[in-house]
């Protein structure tokens, strides 16, 4: 009987402790959620006031406090955005790369990649020096276009990739022209071929084709020169570069062009003289 009494007493004590633990757990959870919300809101206010470093710190704090909550990925993204707004691009990039790894299925992953691409893109100052930023930006924009095609981010990414391709093509042309002037034909050909093959939609394709015509003609490879001239003529028949390529094959073209210019000048002078005589 005494043993039974002690058993009841122990069970009652355990049940009481269990209820206290549950109550404390609920209170702690609510308190933790409140702390996360307060840290997040403090981050938003700091961002509005322009204190981006403190804002990022508060957003990081909110994420760390309750990493399982819905506020965690929001906070991580806001920390990255805080850095981005004041040109702390390297910090923004670090946050965004971490975001894509920790939250690979988050609903705002499209925005994360778009912001990451722009963080690289904004660092492009000189295409001759910032090649890595250019390539990283292009890679990230392509991810947005490929994985999130039906978004505004994809539309802007496509536009930015076109601009990046212009920059990359410009760099290839710059080096190609240098080799051309130094009569280093093979490396020059390689550079101009890169523009034609990899950046065919850029504004530099016409000139690159013409340079290939010139080099191959100089080297005595007339069939190759004609191939590039035909390609240039088929796509850009009315362009200045096609006329220059035509002149490579037809030496009398330049002479005829000069003669025509002289005739036109003389004709214009005669017309002006006639008009002047009417006024006298």
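Within region 142-151, can one find any residue that is at negative phi, surrounded by 15 or more Cβ atoms within 10 Å (Cβ to Cβ), touching a helix residue (DSSP H, G or I) at 6+ places or on another chain (Cβ under 7 Å) and modelled with pLDDT under 95? Yes - at least one qualifying residue is present in region 142-151. Determine, yes or no, whether residue 227 is part of a loop (DSSP other than H, G, I, E, B) and over 30 Å from residue 132 (Cβ atoms). Considered against the rule, which asks whether it is part of a loop (DSSP other than H, G, I, E, B) and over 30 Å from residue 132 (Cβ atoms), residue 227 comes out as no.
Taking residue 186 as the residue in question, decide whether it is in a helix (DSSP H, G or I) and in contact (Cβ under 8 Å) with a residue 12 or more places away in the chain. No, not satisfied.
Might you check whether a residue that is farther than 17 Å from residue 92 by Cα and either modelled with pLDDT of 85 or more or in a helix (DSSP H, G or I) (or both) occurs anywhere in region 48-59? Within region 48-59 (the criterion being farther than 17 Å from residue 92 by Cα and either modelled with pLDDT of 85 or more or in a helix (DSSP H, G or I) (or both)), the answer is yes, since at least one residue qualifies.
Only one entry in 160, 128, 139 is within 9 Å of the chain's Cα centre (by Cα), surrounded by fewer than 17 Cβ atoms within 10 Å (Cβ to Cβ) and either closer than 18 Å to residue 194 by Cα or modelled with pLDDT of 95 or more (or both), namely 139.
Annotation: residue 92 fulfils all but one of (1) without any contact (Cβ under 8 Å) to a residue 12 or more places away in the chain; (2) within 27 Å of residue 69 (Cα to Cα); the unmet one is (1).
The values are calculated or read from the model by the stated rules, or taken from the named source; none is laboratory data. Here the structure is a predicted model, which is why all the values come from computation and not from measurement. Counting neighbours? That spans all protein chains shown, and the Cβs are built from the backbone with ideal geometry, glycine included.
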